[in-house]
Structures are given as C-alpha cells and as structure tokens.
Amino acid sequence: MRELMQTVLMRYEWDGPINQTGRLQLECRKDHFLFRTEVLQQMNPKGRNVSLIFISVPFYVPVEIENVYGDDIIAYLKGKSLFVIEPDMACLGMSFEMFRKLDLREDIDQLIYVMKRFSLRPGTLFKAQDITLKVPETLEIQALFVFGQKIDQRFLNWANLMLDAGFVSENMKIMAEQASLTLPKKELKKRVEVIFLEFNLYFSKETALNNYLIFLILEEQEERRSVGEIIQCLASLYQSSRLPLLQEYDLLYKAKRTLDETGEQKFWTADPLLTVDNVDTYILTYLTRRLADLIASREKDQ
C-alpha cells in the first residue's frame, strides 16, 4: 500500500524527497506547501468503514486579508482539480483503485496557482493539543502575545523548544535565532502572528486566559514557580493590556507584595482578611475557583 502511494506521488516533481512520517503516511512539499498522503478510515453509505487514500494540504489566511472568497476558489478549481477547498486545508480522498490510476500533476499545479492567487499561505497539520502536551510553555506564550506583552527572550526560548519537539517551519527557525529580537517591533509581531496561524495556535482571550491559569497552577504544584511569581505573571497581563477582566489579578499581586514587604495591605478588601499567613493559600484557592467559574461560564454559553 505504501509502495502504491509512493509510485503515484513520484509522478509529480516535488521540491524535495518524499518523506515517510507514519506507517501509511507520506509527506512532500511544493512551493512550501505541505502535501500529506495517508490512509484513513471513512464510513460508506452502507455504514461500513472503508480505507481510502487522502491527500491534505494545510493553509492559513493572513490576518491582513479580511475576506477570502471561498466560492471563487471553488468555482475556479471546478473541472480543473480534484482538490476540494475546506476552511483551513485543501484535500481529496479516493479508493486505492482510483488512486492507482491518478496523475496529479495538473491537479497540484492548479491548486497551488489558485492558493497563491488568493494569497493563501502554507500551513501545518499540527494540532494545538499535541503541541501544548509536548511544549506546555506554549500556553504561556499564547497568553503573553494575546494580552500584548513584549516579544522578548521568552518567545525565542519557546521557539527553540518547539523546534526540539519537532514542530518545525521556516518562520519558527527564524524566530529561534537571537537576531530575531533585533527586528522592528511591528515586524516581530507579524512573525509571531504567522507562526500562530501556521501551527493553529490562535485562541480567544478568554481561552488563552483559561489555559494560562491551568499552566500557572500546575507550575506552582510542580514547585517550578512560587505563588508570588504566578500572581505576578497574571498581574503583568493586566499591566500590558489594561483589560478590566484582569484587574483582580493585579490587585491580588499588589496585596501579596505589600504583605510580604510590610505585613499589611489595603488593595484586597474581600473576605477573609488577607494576612502574611493566609495570602498564598488564598491566592491558590481564588485562582482555582476563578478557573472553574470561567469554564462553567463558557460551557453555559455553548
């Protein structure tokens, strides 16, 4: 089966070798676009699972392009290419018998032409969950970026962790170099935006905050950060964004800091009265409850 996939793919001139990335999964590239060919199970009209060969070509839409005319892309490709355009990838699927007879040269050329014409950019097929499991620091980088923190050494360190974990792209390689931090602020922000789009890491502010709370609570439990450090991290998000939903963390941080320095505080007035002895336990309990409330609110909205 793998030999069949390789034989068909070799009919096209790729920009590099055909790489085996799974038992029945091959990847190759053309004009920086990734083409993944693999065997997947799909249910047929009779309710039976059948094996089909799929080719997926991920892409993303640049943030500066407000509207991508999907109907226009589909209309152009109709009759010219077997690929179907989905929101974040182009794909095709067929039986082994049909795939065996396939000559993809015209289909691929037409697909690449139309994706370039409509300014679609090469993406990846990595899932955010897979990335955060291997590189949990991603949750912190997402929050820092979404809430307007300065792009600094923390982002460069993260990019190197991503490369070490196998999450590779040309933009990620550039971000991992020390010279990237010398780029103009606007250009550096644009590069991080592109990386987030490439790796499917864009989340809403609410989701980014929820994930960051989980990350920081685990950091304290694993004794990698103190209570003071994790509440300072959350306070810094408010200080960079000035968003009202983050102000409570800033007040808790100020209360914690002044208690540590003077033994007294006037920033946090909710019960119970904060003291040097109870402030750490209070903050951890408060963050845990706040996370539960945010998750419950999101589930209710859904």
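Over the Cα atoms of the chain, how large are the radius of gyration and the largest Cα-Cα distance (Dmax), in Å?
Calculated on Cα positions, Rg and Dmax stand at 24.2, 79 Å.
Between Gln6 and Thr281, what is the label-to-label distance in nm when each label sits 7 Å out along the Cα-to-Cβ direction?
6.4 nm
Using a 7 Å offset from the Cα along the Cα-to-Cβ direction at both Arg117 and Glu264, what is the distance between the two label points in nm, to one decimal?
In this crude spin-label approximation the distance works out to 7.4 nm.
Within a Cβ distance under 11 Å of Arg154, other residues only, what is the Lys/Arg minus Asp/Glu net charge? Kindly include the intermediate steps, with their values, before the conclusion.
Numbers: positive: Lys150; negative: Glu137, Glu140, Asp152.
Result for the neighbourhood of Arg154: -2.
Convex hull over the Cα atoms of the stretch 1-148, averaged projected area in nm²? Let's see the in-between values first.
Values: hull surface 45.1 nm².
Averaged projected hull area, Cα only: 11.3 nm².
What whole-number distance in Å separates the alpha-carbon centres of the stretch 152-176 and the stretch 6-67?
What the calculation gives is 25 Å, centre to centre.
Could you report the chain's accessible area per residue, 1.4 Å probe, as an integer in Å²? Numbers along the way, then the final one.
Working: 17040 Å² over 302 residues.
Spelled out: the 1.4 Å probe surface of the chain, per residue, equals 56 Å².
Can you tell me the alpha carbon radius of gyration of the stretch 84-188 divided by the globular rule-of-thumb value 2.2 N^0.38 Å?
Numbers: Rg = 18.3 Å, N = 105, 2.2 N^0.38 = 12.9 Å.
Dividing the Cα Rg of the stretch 84-188 by 2.2 N^0.38 Å gives 1.42.
Let me make sure I get this right: for the stretch 102-149, a, b and c are the square roots of the gyration tensor eigenvalues over alpha carbons, sorted descending. Under 1.5 in a/c it's rounded, otherwise prolate if a/b > b/c, else oblate. Which is it? Walk me through the numbers before you get to the answer.
Numbers: a/c = 7.55, a/b = 2.19, b/c = 3.45.
Note, shape of the stretch 102-149 comes out oblate.
Please give the contour-minus-distance gain from Lys150 to Gln129: 0.36 nm per residue of separation, less the Cα-Cα distance, rounded to one decimal in nm. Don't skip to the end; give the middle numbers.
Values: separation 21, 0.36 × 21 = 7.56 nm, distance 2.49 nm.
Extra length available between Lys150 and Gln129 comes to 5.1 nm.
Gaussian network model of the chain, Cα springs within a sub-10 Å range: biggest mean-square fluctuation belongs to which of Asp271, Asp280, Asp250?
Most flexible of the set in this elastic network: Asp271.
Past 23 Å, Cα to Cα: identify those pairs from Lys190/Lys254; Lys127/Lys150; Lys78/Lys190; Lys80/Lys101; Lys134/Lys254, in the order given.
Values: Lys190/Lys254 33 Å; Lys127/Lys150 26 Å; Lys78/Lys190 34 Å; Lys80/Lys101 17 Å; Lys134/Lys254 33 Å.
From the list (Lys190/Lys254; Lys127/Lys150; Lys78/Lys190; Lys80/Lys101; Lys134/Lys254), the Cα-Cα distance tops 23 Å for Lys190/Lys254; Lys127/Lys150; Lys78/Lys190; Lys134/Lys254.
Of Ala159, Ala75, Ala208, which is the most mobile in a GNM of the chain whose springs link Cα atoms less than 10 angstrom apart?
Ala75
How high is the relative contact order of the stretch 231-292, in percent, with contacts defined as C-alpha pairs under 8 Å that are six or more residues apart?
On the way: 51 pairs, mean separation 14.6, N = 62.
Relative contact order for the stretch 231-292 comes out at 24 percent.
So if we plug the beta-carbon distance of Gln25 and Thr207 into 1/(1 + (r/R0)^6) with R0 = 22 Å, what FRET efficiency do we get, rounded to 0.05?
Working from the Cβ atoms, E equals 0.15.
Counting helices only, and only those DSSP H runs with n ≥ 4, report the 222 nm mean residue ellipticity of the chain as the sum of -39,500 (n - 2.57) divided by its residues, in deg cm²/dmol to the nearest 500. Walk me through the numbers before you get to the answer.
Details: 13 runs with 154 residues, N = 302.
The helix-only estimate for the chain comes to -16000 deg cm²/dmol at 222 nm.
Determine, for each peptide in 137-149, 232-244, the mean count of other beta carbons within 10 angstrom over its residues, then list the peptides with the highest first.
Details: 137-149: 20.7, 232-244: 17.1.
Order by mean packing, descending: 137-149, 232-244.
Please report the net charge: other residues with Cβ closer than 13 Å to the Cβ of Glu229, K and R +1, D and E -1.
Details: positive: Arg224, Arg225, Lys256, Arg257; negative: Glu140, Glu219, Glu220, Glu222, Glu223, Asp260, Asp280.
Here the count lands on -3.
Enter the mean projected area of the convex hull around the alpha-carbon atoms of the stretch 209-272, in nm², rounded to one decimal. Can you show the working numbers first?
Values: hull surface 19.5 nm².
Directional mean of the projected Cα hull area for the stretch 209-272 stands at 4.9 nm².
Give me the distance in nm between label points sitting 7 Å out from Cα along the Cα-to-Cβ direction at Glu97 and Ala179, one decimal.
Inter-label distance under the simple model: 5.6 nm.
Using modelled amide H (1.01 Å from N, peptide plane; none on Pro or chain starts), what sits under 5 Å from the amide H of Glu86, excluding residues fewer than 5 places away?
So Glu86 has HN proximity to Cys91.
Any idea what the relative contact order of the stretch 33-172 is, in percent, if you count C-alpha pairs under 8 Å spaced at least 6 apart?
Values: 151 pairs, mean separation 30.7, N = 140.
So the answer I get is 22 percent.
Where q = 0.15, 0.28 Å⁻¹, what log10 of I(q)/I(0) comes from the Debye formula for the stretch 186-237, counting one point per Cα?
So the normalised log intensities are -0.56, -0.98.
Once the piece of chain linking Gln239 and Ile295 is laid out straight, how much longer is it, given 0.36 nm per residue of separation minus the C-alpha distance between them?
Gain on stretching Gln239 to Ile295: 17.8 nm.
The values are calculated or read from the model by the stated rules, or taken from the named source; none is laboratory data. As the structure is a prediction and not an experimental result, all values here were calculated from the model. Cβ: placed from backbone, ideal geometry, glycine included. Neighbour counts: every protein chain shown. Quick note on the areas: whole protein, heavy atoms, side chains included, nothing else; ligands and nucleic acids left out. Shrake-Rupley method; radii C 1.70, N 1.55, O 1.52, S 1.80 Å.
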